[in-house]
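The values are calculated or read from the model by the stated rules, or taken from the named source; none is laboratory data. Predicted, not measured: the structure shown is a model, and the values here were computed from it. Cβ coordinates were reconstructed from backbone atoms using ideal geometry, including for glycine residues, and neighbour counts include every protein chain displayed. Side chains included, ligands, DNA and RNA excluded: accessible areas come from the protein's heavy atoms. Shrake-Rupley method; radii C 1.70, N 1.55, O 1.52, S 1.80 Å.
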Amino acid sequence: MNATIPNANSVIGQPLSRVDGPDKVRGSARYAAEFDIPDLAHAALVHSTVAAGRIESIDTARAAAAPGVLCVVTHENAPRLPYKEMKTRPPVDPQSGEQLHVFQGAEILFNGQPVAVVVARTQEQAEHAASLVAVTYATNGQATDFDAAEPERPAKATEEGGRPAEAGRGDADGALAKAPVSVDVRYSHPREFHAAIEPHVTIAEWEGDRLTLHDKTQWVNNTANEIAHVFGMEQDAVRVISPFVGGAFGSSLRTWPHVTIAAVAARAANRPVRLELTRRELFGSIGFRPRTDQHLMLGADRDGRLRALIHEACGETSVYEEYAETTVKPSLSTYACDDARTSYRLRRLNTNTPCPMRGPGTVTGVFGLECAMDELAVALAMDPVELRLRNHADRDQAKGLPWSSKELKACYATAAERFGWHRRTPAPRSMRDGDLLIGWGMATAVYHANRSAASASATLHPDGSVVVRSAASDMGPGTYTSMTQVAADTLGLPRERIRFELGDTAMPSAPVHGGSITMASVGNAVAAACRALQDKLGELATCARQGPFAGVSTDDIAAHDGGIGRREPPYRVVAYEALLKQHNLTYLEATATSTPGSEIEDYSSSAFGAVFVEVVVDPDLGTVRVPRMVGAYDVGRVVNPKVARSQCLGGMVQGLGMALLEQGEWDPRFGKVMNANLAEYLVPVCADVRELDVTFVPGSDTNFNPLGAKGLAEIAICGVAPAIANAVYHATGRRIRDLPITPEKLLLEAAALTPVR
Ligand code: MOS
């Protein structure tokens, strides 16, 4: 029964392939739409075709009489829903305004607002019947023109939520006036969409007063919480299940109106209902990265030291909610500068509310800041890397705290070396490949690191396998895999013995799967639960000394072929089955919660990176190609270098899309996105992507959390778009400050600046 086995190697840090990969490839991983529920009915939405006004009449007679239709719900027959105010709003919701109250009145707030839902036996019958609902509207003045809308100060609740209208230190305007070198530049990017592969979908099923939702969500606990408030129920009467999410990028952080509609429809139809948004509906129902205009003014000494930094930004929001971003925040913390100020404004439009999209706010602000730094480097005739090094912030100046760790200088050095930056000739249009213009550009990447309270359980079964659970999510970064590694590492078990489960409110609660906090939060909870299990097992074995385990000390507790308990060899194998049996247990379970501590008062934490890119511009066609991108990142400890690298590849590709392709075409006449499909909303495809090179600089941030991981998701898109824009300038001598950098913009610039060749 006893044997000595070697210590399992640390599983953390190994490039494990995704443990859920085979299920995904085989199609056995079930996404929200794919749950087979008996008697499932299907729903289709009817939307407002005007941007502002009231429903004058809504005729559902033909729809109700259509084949297969079970019910039609509008504001005229929908139940009045309490929409109870939450004591504290979740951080994923706007802190000011009211979420859309579905079917609670005739008022129309945006084009695309749901005005009816049709439930039928099949999806086709529901869609057909939805097309038969006849609605007339009385329109009134619509606010749909961003440029005409008045910029407004954020409300008090928004300011208290960390998006102040004004912030800063020192006398930025005075310092700017005195600075010998300065730049004054404006940037903008349009509305961008998450464009995840999996559409948003909810299956709602009532059993008496209990509601079960199969939902595409990045936060099952919050979905349960919000729906409970909408319906005036106890939170534990709502169960939310979401084991797989096919990409989200922030679009599933909130509980969107269609989740409520699915529950309303299921109650009205008296059977489970599936509501899946169409690709077109995804452009009007679930939020987007808001169009944002930015104005940056930087002042510096001739040696490149920043003397003044002013960053003003204005985004768009809806008329009913105030979605605000941390756009200007990076400008207050990224570089050393005593005199800095920011301002933030919003324009209210008749639109659905924007929402976080990968690196929300930060990716926008870093685009402005890093392009402006490049323009300053040009004005100073200084290498852009050197300019950043001269202004390196040894402390977070916004918070006045030391960084819990910062390897940004190593990121610059590593990426520059791998890129071959020293071969760059600084003058624009100085690097060529025949008729083609070559441009090399770079940018800094930053994304603040956060950590929230999280819980997990670890359950030992008699066969020596351990099931670890937390109500977390895996929208693609590899939570299943990395948490399996953390558990295997803590328990000293081979990873085949671990099964990690997530995405169910019946599990110990987890924070939002967003803001790159999952590893720093849930990862530490998983480790804590596994240690708690070890402790329990130790107690059992100590008690067992009188029985068949006489002589087995706590220190000797170990699993067959792995070792659960002590990390150091030699292990002695204990037969769990016998141990559990002796205590009349069929399993042994431990639960633990991990919370941030005083480190958040002692340190500021952030992931860092440096992105270097090469572009090739065809001066006749205005086309931009990106043959290579090199990124080096400081994300603390890397739990799985394979899935971590994949995160960075995805972020680089998404950044390429932001720089060159992505653009929601908002038509102010209709208050509507006109290219609401994946044929006309352009995202990068394989042919757009060439060589991507990713390095993680060594580091482990145990000042931030015991696991040492800082989080890796948002950082991967930050810095990419400005690096590309800066490279385009280097290639062409032209600054395109309005993303995306399309051929027509480059050609127009060229036509304005140079005679036709
Ligand atoms: Mo990410 S925008 O926090 O899902």
How large is the accessible surface of TRP403 in square angstrom, using a 1.4 angstrom probe and rounding to the nearest 10? 30 Å²
Within a Cβ distance under 14 Å of THR122, other residues only, what is the Lys/Arg minus Asp/Glu net charge? -1
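Suppose the chain between ASP39 and ASP433 were pulled fully straight at 0.36 nm per residue; how much longer would it get relative to their current alpha carbon spacing? Please report the intermediate quantities before stating the final value.
Values: separation 394, 0.36 × 394 = 141.84 nm, distance 6.37 nm.
Extending this stretch completely gives an extra 135.5 nm.
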Return the calculated 222 nm mean residue ellipticity for the chain, to the nearest 500 deg cm²/dmol, obtained by summing -39500 (n - 2.57) across DSSP H runs with n ≥ 4 and dividing by the residue count. -7500 deg cm²/dmol
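Based on the Cβ-Cβ distance of LEU401 and ASP23, what FRET efficiency does E = 1/(1 + (r/R0)^6) give at R0 = 25 Å, to the nearest 0.05? Walk me through the numbers before you get to the answer.
Working: r = 43 Å, r/R0 = 1.72.
That pair, LEU401 with ASP23, gives E of 0.05.
Over the chain, with the other protein chains present, what is the accessible area per residue in square angstrom, probe 1.4 angstrom? Numbers along the way, then the final one.
Working: 28670 Å² over 757 residues.
It amounts to 38 Å² per residue over the chain.
Tally up the carbon and sulfur contribution to the accessible surface of the chain as a whole percent, 1.4 Å probe, everything protein left in place.
Working: 14280 of 28670 Å².
The computed percentage sits at 50.
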Kindly list the residues of region 337-355 that lie in the label zone of LYS178, defined by a backbone N under 19 Å from the point 7 Å along the Cα-to-C-beta vector. 337-342
The extension gain from ASN77 to CYS686, computed as 0.36 nm times the residue separation minus the Cα-Cα distance, is 214.4 nm
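Let me know the shape class of region 49-124, please: from the alpha-carbon gyration tensor, a ≥ b ≥ c as square roots of the eigenvalues, rounded when a/c is under 1.5, otherwise prolate if a/b is greater than b/c, or oblate.
On the way: a/c = 2.38, a/b = 1.76, b/c = 1.35.
Verdict is prolate for region 49-124.
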With a Förster distance of 51 angstrom and the Cβ-Cβ distance between ASP535 and ALA237, calculated FRET efficiency to the nearest 0.05 equals 0.90
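By its C-alpha gyration tensor, with a ≥ b ≥ c as the square roots of the eigenvalues, how is region 669-731 shaped: rounded for a/c under 1.5, else prolate for a/b larger than b/c, else oblate? Could you put the intermediate results ahead of the total?
Numbers: a/c = 2.56, a/b = 1.74, b/c = 1.47.
Because a/c hits 1.5 or more and a/b exceeds b/c, region 669-731 counts as prolate.
Quote the relative contact order of the chain in percent (integer), defining contacts as alpha-carbon pairs under 8 Å separated by 6+ residues.
Numbers: 1972 pairs, mean separation 129.8, N = 757.
In percent, rounded to a whole number, it is 17.
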Which net charge results when you count Lys and Arg as +1 and Asp and Glu as -1 among the other residues whose beta-carbon is under 9 Å from that of HIS214? 0
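Over region 319-444, what is the mean sequence separation of C-alpha contacts under 8 Å (at least six apart), divided by residue count, expressed as relative contact order in percent?
26 percent
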How many times 2.2 N^0.38 Å is the alpha carbon radius of gyration of region 424-517? 1.81
In range of the label at ARG423: residues from region 369-385 whose backbone nitrogen is under 15 Å from the point 7 Å along Cα→Cβ: none
Based on the alpha-carbon set only, what is the convex hull volume of the chain divided per residue, in Å³? 168 Å³
Filtering the chain for DSSP H helices with an axial alpha carbon extent of at least 30 Å and a Kyte-Doolittle mean of at least 1.6 returns none
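From the Cα gyration tensor of region 14-153, with a ≥ b ≥ c the square roots of its eigenvalues, which class applies: rounded if a/c is under 1.5, or else prolate if a/b is larger than b/c, or else oblate? Please report the intermediate quantities before stating the final value.
Values: a/c = 2.10, a/b = 1.20, b/c = 1.76.
Here region 14-153 falls in the oblate category.
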SER598 and PHE670 label points (each 7 Å along its Cα→Cβ direction) are spaced in nm at 6.0 nm
Sum of side-chain charges, ALA224 neighbourhood, beta-carbon under 13 Å (Lys, Arg +1; Asp, Glu -1): -3
Restraint check, LYS399/LYS710; LYS329/LYS710; LYS24/LYS216; LYS409/LYS745; LYS536/LYS642, Cα-Cα greater than 23 Å: LYS409/LYS745; LYS536/LYS642
